[in-house]
Amino acid sequence: MSEQKAELAFHETMDTHEMVNFKTICLMKTKLMQGVCFDNDLKKLMDKDIEQSMQALKELQTLYRGTRTDYQHES
């Protein structure tokens, strides 16, 4: 049996890209805010958020294998 590559539709590719961008921005903001946070409980929450965001980004990266970039607009 031949293995088929699962491809995302163009709108799914764009959605995946937007989710990766959003998660990356959230991760950067959390890391920056850790530097000005003095509450240990809040820092623990931020650490957990960073860990979960990194995991989410890894999962989203696996979706990139199926993205389509061969769009050609016909005039």
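What is the mean projected area of the alpha carbon convex hull for the stretch 10-65, to one decimal in square nanometres? Please report the intermediate quantities before stating the final value.
On the way: hull surface 14.7 nm².
The directionally averaged projection comes out at 3.7 nm².
Using a basic spin-label model with each label point 7 Å from the Cα along Cα→Cβ, how many nm lie between MET19 and LEU60?
In this crude spin-label approximation the distance works out to 0.8 nm.
Compute the FRET efficiency between PHE10 and LYS48 as 1/(1 + (r/R0)^6), taking r as their Cβ-Cβ distance and R0 = 30 Å, and round to the nearest 0.05.
Computed FRET efficiency for PHE10 and LYS48 comes out at 0.30.
Read-outs throughout are calculated quantities, based only on the coordinates presented, and are distinct from any laboratory measurement. All values reported here derive from a predicted model rather than from experimental measurement. Heads up, the Cβs are rebuilt from the backbone with ideal geometry, glycines too, and the neighbour counts pull from every protein chain shown.
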